[in-house]
Amino acid sequence: MMKTVLYIEDDIVDQMAFKRMMKEHVDECTCTIVSSISDFKKLENKLDFDMVITDYYLGDGGADDVINELPNKKIIIVSGSINDRLTNTDKIKYLSKPFDYEQINDAFNWVTEEKKST
């Protein structure tokens, strides 16, 4: 099954690491990377992605903007400074940077489990 992933990340090093990780571990995946909330809002197909991953803090906004734009979609939020007060919900999962492929794969399974049961 082809996976489609949107990664919203403003750090070029994190973008490159994500691309490399996906290329090494996933055969059938299309990754779209945007570096700002304004670029994210310009995407016409933002509802079509299987998985949406966003950095918590971005230069022109943050994860709250993504959540507001996609209220019915499960969102993976990543940050190098996630604190203990942030908790996962039925629509939001938090991952600390740096994350590895196993964590992304688990997150993808979490995102798609609802789709399989409906």
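Quick look at the values:
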read-out	value
Residue among LYS115, LYS97, LYS46 that is under 19 Å from ASP11 (Cβ atoms) and at pLDDT below 90	LYS97
Selection from segment 1-32 of residues that are of a type in the set (Val, Ile, Thr), modelled with pLDDT of 95 or more and crowded, with 18+ Cβ neighbours inside 10 Å	ILE8
Elements of type helices (runs of 4 or more DSSP H) in segment 25-118, at least 1 residues being without any contact (Cβ under 8 Å) to a residue 12 or more places away in the chain and under 15 Å from LYS3 (Cα atoms)	101-117
Test: residue in segment 6-23 that is part of a strand (DSSP E or B) and out of contact with any Asp or Glu (no Cβ under 7 Å at 6 or more places or on another chain)	yes
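The values are calculated or read from the model by the stated rules, or taken from the named source; none is laboratory data. For clarity, every value in this text was computed on a predicted model and none was experimentally measured. A quick note on method: Cβ atoms are made from the backbone with ideal geometry, for glycine too, and the neighbour counts reach across all protein chains shown.
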